[in-house]
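The values are calculated or read from the model by the stated rules, or taken from the named source; none is laboratory data. This structure is a prediction, so every number in the text was calculated from the model and none was measured. Neighbour counts run over all protein chains shown; Cβ positions are idealised from the backbone, glycine included. Only protein heavy atoms, including side chains, enter the accessible area calculation; ligands, DNA and RNA are left aside. Shrake-Rupley method; radii C 1.70, N 1.55, O 1.52, S 1.80 Å.
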Amino acid sequence: MIILGLSGAVFHDPSAALFIDGKLVAAVEEERFTRDKHAKGRFPHESTRFCLEQAGIKPSDVDVVAFPYAKIDLFNKARWHYALRHWYAPDRALTALFNGNRRYRRNIRQAMRLLDDTGIDSKRVRFVPVEHHLAHASSAYHLSGFKEKTAIVTIDGKGEYTTTMFAYGERGRIHKIKEFHDPDSLGGLYGALTEYLGFDMLDGEFKVMGMAPYGDPNRFDLSRLIKYDNCSYKVNTKLTNVIGMRRYKENDKGYFFSPQLVKWLGPKRHGDAIDDPYIDYAASIQQLLEKVAIGLIDHYLGDIIKETGKICFAGGVALNVKLNQRIIDMPHVKELFVQPAASDAGTAIGAATYVAMQEGESVEKMEHVYLGPSYTTQQCMDACRAHEHNPAWELLEDVPARAADIIANGNPVAWFQGRMEFGPRALGNRSILGDPGHKGVADRINKKIKYRERWRPFCPSMLDRVATDILQTDHPSPYMTFTFDVADKWKSHIPEVVHEDGTARAQVVTRDTNPRYYQLIEELEKRTGNAVILNTSLNRRGEPMVCSPTDALNMFYGSDLEYLIMEDILVTKEDMHG
Ligand SMILES: [Fe+2]
């Protein structure tokens, strides 16, 4: 059976994923093609075309289209909860009650348009809506490969109405335990504080998390933001998760926090420079999120975790790697699986796997995220020839060895290989790489190439055979979705990838999943003594990850990078035409 999963149901991160007989053969985010980050407001037209082309199938071969957004019944308490909690904005409250599936209908119209536009034919194909949080849950559970009873958590801004769900998976079925509904959203609360701290919601959350270790979480008590009593919570909508007239406004832009919050905590942060008291607020909100999430997981899923030790986590908040480290550290947790495209892009996979399981297919464990487009060396050379900067390149005989030479000399290298990663992390195919033992490399990449805020730490990729020694754990970590404490003896070897709090967000690389990347790190080890490489995504600040050779060249010439390796060619900025 051929199932196409689509995301884009909640206004951001549209993507498409294709399963053939339970095997994930292609997945990609629309932003990579449209080149605007998160591709807000779009549907995954280009992504769908790519998936069909990659699989070598015709649009008419698609049997089912799965979509991560469902109709919510009037008798569902989610709609009543929303209405009651938004009494201060009666228009919204009444809409939830009398026109509660407005967004669903708009989504369906857009999805049908996509199906007709891509030749799949909306009248022919079977279209199956899946509840948003069930799609998140499925994206983690069904790809985890866990066979035993598994605890499942999903936390995001919101789907239809649900914001947080606790469930368990058993024999391929997902059973709900408890749901929380909008405006009681942990993702929304963290997002509102992200806005207050001067970053964009849905993007700046990583920066708040990066800022947190620099601050003192106990200087301010932010507990009035949320009422939490062990088994439930209620967000204080006088302060955050606000809509309508309650919003704080600045230059005609409305925010998800209120003027009352500004009165309490002081003016919203502007620019990158000011730290006090904002880094302490960042530390507090991170601590608050961890406390509530861990408390609820323990309450609703503690027994299951005790039984099998297996837990899955998805939704945008599952990209909070510090929270994930806390989950792994919970007593009885043996293994946490976070589907790497945990935010909404991953719901394309989630909806598709949910339907696959309902149809009695078996879904294969996710082994890697190299699911996007790839380009041949010839195509890379053609892109160079067509490029306005008339790039100089040479064909390399031993790509990993040459790359390792350049990196070991202290240079960052743009590294473009194989199929593009699905999800927000570059895992060695669309990366900027550096020597983590070379002092100043991280600063150089930050200031001259990525133009990122200083809060964004850099992360290591390391070979599987050294990972346990560095991270002091056997816990799997293929996708950079967790941080771990770095062993003291390693900190001085790889200082550029150890965070302020002594942790690293690591990718453990295996030879099977990425042979060329593995070889490169081996070569680097020969030169530096460390089987570790600094790895950050191939893009500049505010841009989506590079997809094609032309994107790579555009990025290369728009930065101070001096070396770009695409498949088998090395592009440099010197004039030595090949
Ligand atoms: Fe979501």
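Structure notes:
- Only a single item in (1) open to solvent by less than 10 Å² (accessible area, probe 1.4 Å); (2) among the β-branched types (Val, Ile, Thr); (3) more than 12 Å from the ligand (Cβ to nearest atom) is not met by Thr154, and it is number (3).
- Matching residues, segment 39-75, being open to solvent by less than 30 Å² (accessible area, probe 1.4 Å) and on the phi > 0 side of the Ramachandran plot: Ala39
- Within segment 317-376, restricting attention to residues that are more than 15 Å from the ligand (Cβ to nearest atom) and part of a strand (DSSP E or B), the residue that is nearest to His38 (Cα to Cα) is Tyr370.
- Residue within segment 76-91 that is within 26 Å of the chain's Cα centre (by Cα) and open to solvent by 50 Å² or more (accessible area, probe 1.4 Å) present: no
- Filter pass, Phe166 being aromatic (Phe, Trp, Tyr) and open to solvent by less than 10 Å² (accessible area, probe 1.4 Å): yes
- Residue that is nearest to the ligand (Cβ to nearest atom) [pool: residues in segment 94-115 that are open to solvent by 10 Å² or more (accessible area, probe 1.4 Å) and closer than 20 Å to Thr237 by Cα]: Thr95
- Taking each residue of segment 133-150 that is open to solvent by less than 10 Å² (accessible area, probe 1.4 Å) and looking for partners that are more than 11 Å from the ligand (Cβ to nearest atom) and modelled with pLDDT under 95 with beta-carbon atoms closer than 6 Å, six or more apart or interchain, yields Ser139/Gln339; Ala140/Gln339; Leu143/Gln339.
- The set of residues from segment 157-190 being out of contact with any Ser or Thr (no Cβ under 7 Å at 6 or more places or on another chain), within 14 Å of the ligand (Cβ to nearest atom) and among the aromatic types (Phe, Trp, Tyr) comprises Tyr161, Tyr190.
- Filtered residues of segment 246-294 (kept if in contact with a Pro (Cβ under 6 Å, 6 or more places away or on another chain), within 18 Å of Glu500 (Cβ to Cβ) and open to solvent by 10 Å² or more (accessible area, probe 1.4 Å)): Gln287
- Restricting segment 282-316 to residues that are in a strand (DSSP E or B) and more than 16 Å from the ligand (Cβ to nearest atom) leaves a set whose member that is nearest to Phe146 (Cα to Cα) is Lys310.
- Test set (1) under 24 Å from Leu433 (Cβ atoms); (2) surrounded by fewer than 20 Cβ atoms within 10 Å (Cβ to Cβ) - Leu371 fails condition number: (2)
- Pair list, Cβ under 9 Å, 6 or more apart: segment 200-223 residue hydroxyl-bearing (Ser, Thr, Tyr), other residue assigned to a loop (DSSP other than H, G, I, E, B) and open to solvent by less than 60 Å² (accessible area, probe 1.4 Å): Tyr214/Asp275; Tyr214/Trp455
- Applying the criterion of being open to solvent by 10 Å² or more (accessible area, probe 1.4 Å) and charged (D, E, K, R) to the residues of segment 169-194, the residue that is nearest to Asp280 (Cα to Cα) is Asp182.
- Filter result (surrounded by fewer than 24 Cβ atoms within 10 Å (Cβ to Cβ) and either within 12 Å of the ligand (Cβ to nearest atom) or not in a strand (DSSP E or B) (or both)) within segment 1-26: Met1, Val10, Phe11, His12, Asp21, Gly22
- Of all residues in segment 147-167, those satisfying the criterion of being in contact with a helix residue (DSSP H, G or I) (Cβ under 8 Å, 6 or more places away or on another chain) and farther than 30 Å from Leu193 by Cα are Glu148, Lys149, Thr150.
Condition check ((1) within 17 Å of Val242 (Cα to Cα); (2) touching a Gly at 6+ places or on another chain (Cβ under 8 Å)) across all residues:
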site	(1), (2)
Phe43	no, yes
Asp61	no, no
Lys77	no, no
Pro90	yes, no
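- Breaking point among (1) touching a residue at least 40 places away in the same chain (Cβ under 8 Å); (2) surrounded by fewer than 16 Cβ atoms within 10 Å (Cβ to Cβ), for Ala318: (2)
- Filtered residue count, segment 516-534, keeping only those that are open to solvent by 30 Å² or more (accessible area, probe 1.4 Å) and within 19 Å of Arg425 (Cβ to Cβ): 1
- Screening Trp80 on (1) within 16 Å of the ligand (Cβ to nearest atom); (2) outside any loop (DSSP other than H, G, I, E, B); (3) not small (Gly, Ala, Ser) shows it passes everything except condition (1).
- Filtering segment 236-281 to residues that are touching a Gly at 6+ places or on another chain (Cβ under 6 Å) and closer than 20 Å to Asp156 by Cβ leaves only Asn241.
- Per-region count, segment 540-560, residues open to solvent by less than 50 Å² (accessible area, probe 1.4 Å) and either at pLDDT 95 or above or touching a His at 6+ places or on another chain (Cβ under 7 Å) (or both): 11
- Matching entry among Glu421, Glu496 (being closer than 26 Å to Arg541 by Cβ, among the acidic types (Asp, Glu) and open to solvent by less than 10 Å² (accessible area, probe 1.4 Å)): Glu421
- Considering residues of segment 116-146 that are under 13 Å from Ala342 (Cβ atoms) and polar (S, T, N, Q) only, the residue nearest to the ligand (Cβ to nearest atom): Ser139
- Qualifying residue in segment 436-456 (condition: open to solvent by less than 10 Å² (accessible area, probe 1.4 Å), small (Gly, Ala, Ser) and touching an Asp or Glu at 6+ places or on another chain (Cβ under 6 Å)): no
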